Amino acid sequence: MSTISESQIKVSSIMFTDIVGYSRMIDRDESHALKLLDEHNTLISKSIEGNNGHIIKLIGDSVFAEFPKPRDAANCAIDIQINLIKRNKIHSKNERIHIRIGLHMGDVVVKGDDLFGNTVNLGSRIEGVAPADGILISNPVFNAINRDTSFSIKELGFVKLKNMKEPCQLFKLYLNQLDYTAQSNDDLERETQERGIHLVDMETYNPLDVYAIGVLYFKNLGDVKDEFVCRGITQDIVNDLTKINTFRIPSATEIDQYKDTELPLSEVARRMQVEYMLMGSILKEGEDFILNLAMQDMNRGIHRWGKTFKFKSTEINAAKGDILLKILSQFNLELPNHIAKYFQVEPTSNSEALHHYIRARHLMRFPESHDHINEARDLLDDATVLDPDFLYAHANKGWNSFLLGNFDEAEEQFYFALNLADQDNLDSSNAYVYFYMGVLYNKLEKYNKSIHYLEDALDIYIKYDSRKAIAAVLHNLGIALHHSGKQEQALDCFNRSLVIKTEFEDQRVLASGYNQTANVYYEIGDYSLAIENVKRSLGYYKSLGNMQYGAFCMIVLADAYTQVGMFSESVKHLEPAQEILEEFNNLFVLGKVDVLYGIMFFNEGKYEKSVSYYEEGIDKMQLDESREWVLHYSIEIIHVLFYQEEYEKALKYIKRCRLLLKKTTDTDKKDKKLLDSMELYIEFMDKNEEIEKLTQLFKTLQKSSDEHYLSWYYLARTFLKVGMVPKSEECMKEARNLLIRKENKISDLSHRTSFLNNRVLHLAITA
């Protein structure tokens, strides 16, 4: 065991680098990726040596280096990026190397040939938020080199880095004066937001005392068939730790990455960005478990705590409570009473049933194939036979049925579990089942029921201050409210959820949260905020390397830009998205791409080409059975056919739309009124009888002022056809008012202007 006194402390300037997208390179072609890595290491090593630095260590595609002065580190970083840019210019796309660099300086702990401490951890985290081909530096580095006029630097702002107690002031170091001049402060802020990085307003910032703890999967010292027990207990302890708001725990996905890692503990802690590491081993002997736990202080490089726990399988809940108490005591914290209640009741007294349950839950958490879900079902069946009152086994049977698409079975199991929870008067169990039921009813599009159960779950989780659970419930409640047409309430839920998700800094859930928020803003017509939120979502998906969902975000971005008439921006996102999505053969999204091109050609007056793209997109969506979207875009194509004066073809589409309306469960009255007005317009092309139809539609629309502005527009054109000019003017005025009302919802002024200039239809209405 070593202590801080055995180590040397000194001030050091450090640099971290990392290759962008290296994991994807490995997946595509490992030998090619390793070849590029060798070239990368040679180039970087030369620059480091040439600027008086030395490499502390190479870890995979990352480099950790030290310099005697911050000026040397800054020059080296610029030298590396310039050399790579020059290299990339003469290589094809798949041969290019892009890296991000972070610089920091401060006190480090020297142990042998390695460096430890907060300075090292912070340097690594600065690199993690740096842009591709870019350099970010900390405030200490900025203060040291700012007077040197050879450096071009702009302030980024204060950034809350993962698991750091205080926001860090960061600056962008430019490669040359030209790049510095070309990027305005607004451009820099926009770039930052697009990458999903949040700037902190220090005037309103409320600091929290937070401890960042990483967990390694506990080693199995017993029979190989008990491996799932180790994983299950590890995951349970991780979940228990997340219930403590003063702890910040990496997500289960992140922890899972390092299950069988051969990386040094210090490197795992650096990548997880934590101050402490919890590790252990489990031995199962009959009905007994022996769990050895240890905690390492990574900043000081010392062993902090260790203990052995022995318990029976039917005492697992009480043991977890004891473990959590011991960990809390290391930070002079107490276990809140509302959390302690979780550990006072064992899930079952039947050890064999518990064994089956743990195994099933493991298979559902980490399924390697569809067969694993079916195997989990058999195990849960066995568990509920052994203990018919095993609440969590019944609840997970419901979730298993949900995963298999057996929604009636899922509903039945959830109700059974809920009845057991009610009998035992277990609030926490009730919340658990309420949440599952809310998710199920969202899937079944029974949104009122979903709202009911999710609100009940929310009330309970708020009482217990279960922050992660609250965020998950709010997210799903937002989805239900969104589909129920309650957009303001949905936005409130999504925004409250995002505030909590930001605390835990789980990029995956943040990406999903911002994407859902963007969808609501799009729905209410505020395309500016839709763009802002989907850019954040895209930034997180790019950081996670999830290119499929990143492409989905690009489509939403392209759609929002199309709605406000910014077609060049739309194409920027459409083309790379299409390239990615063709690999996955997602017919709905590929159909959406075609439709967006159709909209753009319509605005360019290329109506025939527009129709062709619309039809291709609609055909793909039909194959995907996306009925509501087929209806939506079939209505849009009618506009285009009107401008081509292809009224017979337009009438065929109107009839198709009416059939789709009958088959659509959530019938949209606005769509029906719009189709009525379009059909009347065609009818009155050659005759001026049946005025009654026209008058009736006028009266119907008058009763509902929020109807689609295009209904009023086509009604105005129809009145004009039959010579009823005053009525036509009245309808056109209403169309104009509704369009302006929609335009006023757009928060960005430039987007408002673009919106009104977007479609030919808009120009006609506003003229």
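The residues listed here are Lys57, Lys46, Lys69, Lys111; of these, the one that is touching a Phe, Trp or Tyr at 6+ places or on another chain (Cβ under 6 Å) and surrounded by 13 or more Cβ atoms within 10 Å (Cβ to Cβ) is Lys57. Within the range 395-426, the set of residues being of a type in the set (Gly, Ala, Ser), more than 22 Å from Arg365 (Cα to Cα) and either modelled with pLDDT of 90 or more or under 31 Å from the mean Cα position of the chain (by Cα) (or both) is empty.
Residue count for the range 399-415, restricted to those that are in contact with a helix residue (DSSP H, G or I) (Cβ under 9 Å, 6 or more places away or on another chain), surrounded by fewer than 15 Cβ atoms within 10 Å (Cβ to Cβ) and either of a type in the set (Ser, Thr, Tyr) or not in a helix (DSSP H, G or I) (or both): 1.
Taking the criterion of being closer than 22 Å to Phe601 by Cβ and of a type in the set (A, V, I, L, M), the residues of the range 740-760 that qualify are Leu756, Val760. Among what's in the range 95-130 and is in contact with a Leu (Cβ under 9 Å, 6 or more places away or on another chain) and without any contact (Cβ under 8 Å) to a residue 40 or more places away in the chain, pick the residue that is nearest to Cys76 (Cα to Cα). The selected residue is Ala130.
Across the range 565-613, the number of residues qualifying as outside any helix (DSSP H, G or I) and either under 19 Å from Phe552 (Cα atoms) or of a type in the set (Gly, Ala, Ser) (or both) comes to 8. Scanning for something surrounded by 21 or more Cβ atoms within 10 Å (Cβ to Cβ) and not in a helix (DSSP H, G or I), does the range 72-93 turn up at least one residue? So far as the range 72-93 goes, no, none of its residues is surrounded by 21 or more Cβ atoms within 10 Å (Cβ to Cβ) and not in a helix (DSSP H, G or I).
When residues in the range 532-548 are screened for being free of Cβ contacts under 8 Å to residues at least 60 places away in the same chain and under 22 Å from Lys486 (Cα atoms), 2 of them pass.
Residues in the range 352-398 that are closer than 19 Å to Glu287 by Cα and surrounded by fewer than 16 Cβ atoms within 10 Å (Cβ to Cβ): Glu352 only. State whether one or more residues within the range 506-514 are part of a loop (DSSP other than H, G, I, E, B) and either on the phi > 0 side of the Ramachandran plot or touching a residue at least 60 places away in the same chain (Cβ under 8 Å) (or both). Looking for residues that are part of a loop (DSSP other than H, G, I, E, B) and either on the phi > 0 side of the Ramachandran plot or touching a residue at least 60 places away in the same chain (Cβ under 8 Å) (or both), one finds at least one in the range 506-514, hence yes. Scan the range 292-316 residue by residue and report those that are surrounded by fewer than 16 Cβ atoms within 10 Å (Cβ to Cβ) and part of a helix (DSSP H, G or I). Listed by number, the list is empty, since nothing qualifies. Selection of the range 429-459 for residues being within 21 Å of Asn245 (Cα to Cα) and surrounded by fewer than 21 Cβ atoms within 10 Å (Cβ to Cβ) yields only Asp459.
Of note, Leu173 does not satisfy the criterion of being under 24 Å from the mean Cα position of the chain (by Cα), assigned to a strand (DSSP E or B) and within 22 Å of His98 (Cα to Cα). Close Cβ contacts (under 7 Å, 6 or more residues apart or on different chains) running from residues in the range 620-634 that are in the same structural domain as Lys672 (by TED's automatic domain parsing) to residues that are modelled with pLDDT under 80 and of a type in the set (Ser, Thr, Tyr) comprise Arg627/Thr664; Glu628/Thr664; Leu631/Thr664.
Given the structure, is Asn143 under 21 Å from Ser543 (Cβ atoms), part of a helix (DSSP H, G or I) and not acidic (Asp, Glu)? Steps first, please.
On the way: under 21 Å from Ser543 (Cβ atoms): no; part of a helix (DSSP H, G or I): yes; not acidic (Asp, Glu): yes.
Judged against the criteria, Asn143 is not a match.
Checked against the criteria, Asp72 counts as touching a residue at least 40 places away in the same chain (Cβ under 8 Å) and either farther than 22 Å from Ser266 by Cβ or not hydrophobic (A, V, I, L, M, F, W, C) (or both). What are the residue pairs meeting all of these: first residue in the range 644-662, first residue acidic (Asp, Glu), second residue surrounded by 15 or more Cβ atoms within 10 Å (Cβ to Cβ), Cβ atoms under 6 Å, and 6 or more apart or on different chains? Close Cβ pairs satisfying both conditions: none exist. Scanning the range 268-291 for residues that are outside any strand (DSSP E or B) and within 14 Å of Ile213 (Cα to Cα) yields Val268, Ala269, Arg270, Arg271, Met272, Gln273, Val274, Glu275.
Thr308 fails exactly one of the following numbered conditions: (1) in contact with a Ser or Thr (Cβ under 8 Å, 6 or more places away or on another chain); (2) of a type in the set (Ser, Thr, Tyr); (3) at pLDDT 90 or above. What is the number of that condition? For Thr308, the exception is condition (1).
Step by step: first the residues of the range 8-17, then only those that are surrounded by fewer than 19 Cβ atoms within 10 Å (Cβ to Cβ) and in contact with a Gly (Cβ under 9 Å, 6 or more places away or on another chain), then the one that is modelled with the highest pLDDT. Which residue is that? Before the answer, list the steps.
Residues of the range 8-17 surrounded by fewer than 19 Cβ atoms within 10 Å (Cβ to Cβ): 8-11.
After this cut, where a residue has to be in contact with a Gly (Cβ under 9 Å, 6 or more places away or on another chain) as well, the list is 9, 11.
Working: Ile9: 76, Val11: 83.
Of everything passing the filter in the range 8-17, Val11 is modelled with the highest pLDDT.
State all residues of the range 258-291 that are among the acidic types (Asp, Glu) and crowded, with 20+ Cβ neighbours inside 10 Å; if no residue qualifies, say none.
Restricting attention to the range 258-291, the residues satisfying the condition of being among the acidic types (Asp, Glu) are 260, 262, 267, 275, 285, 287-288.
Answer for the range 258-291, where residues must be among the acidic types (Asp, Glu) and crowded, with 20+ Cβ neighbours inside 10 Å: just Glu275.
The values are calculated or read from the model by the stated rules, or taken from the named source; none is laboratory data. Quick caveat, the model's predicted, so the values are computed rather than measured. In this analysis, Cβ positions are derived from the backbone assuming ideal geometry, glycine residues included, and neighbour counts consider all displayed protein chains.
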